[in-house]
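Note sheet for the following structure.
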Amino acid sequence: MRILNNTVRDWLLKNDYEEIAILIDEILLDWKNRNVQTRRNWWDILAGDKNGNSRNISGRQIPVLKAAQIRQGVTVTKNAICKNEEELKLIPKNIK
């Protein structure tokens, strides 16, 4: 399935976050099936709320990623997931 913005999806898949890409795809498919018209900056969602807590989107908890917090320029919190420090070198800076 390729309904998630390819830049976010590609980064998630390249860095072993397939489960998060699938979770977001499921949300987008649900919105499509319910004819919900909305846009999200998934990097913002993956960075968590203003306190670094995970966000609940359509009844699903979206994990907080360290790379997303760094990309969005917010404070990195201790609950942020980072599977591999190498992924931090590959954070896209100018894409949404």
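Numbers for the structure displayed
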| quantity | calculated |
| --- | --- |
| Subset of the stretch 19-49 that is closer than 22 Å to residue 78 by Cα, of a type outside the set (A, V, I, L, M) and crowded, with 18+ Cβ neighbours inside 10 Å - its residue that is modelled with the highest pLDDT | 48 |
| Matching residues, the stretch 35-49, being free of Cβ contacts under 8 Å to residues at least 12 places away in the same chain and out of contact with any helix residue (DSSP H, G or I) (no Cβ under 7 Å at 6 or more places or on another chain) | 35, 36, 37, 39, 49 |
| Counted residues, the stretch 48-87 - those being of a type in the set (A, V, I, L, M), in contact with a strand residue (DSSP E or B) (Cβ under 7 Å, 6 or more places away or on another chain) and in a loop (DSSP other than H, G, I, E, B) | 2 |
| Residue in the stretch 10-18 that is within 13 Å of the chain's Cα centre (by Cα), surrounded by 15 or more Cβ atoms within 10 Å (Cβ to Cβ) and assigned to a loop (DSSP other than H, G, I, E, B) present | yes |
| Residue that is on the phi > 0 side of the Ramachandran plot and surrounded by 15 or more Cβ atoms within 10 Å (Cβ to Cβ), where the choices are 52, 73, 59 | 52 |
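The values are calculated or read from the model by the stated rules, or taken from the named source; none is laboratory data. This one's a predicted model, so the numbers in the text were calculated from it and none came from an experiment. Here Cβ is always computed from backbone atoms with ideal geometry, including for glycine, and neighbour counts include all displayed protein chains.
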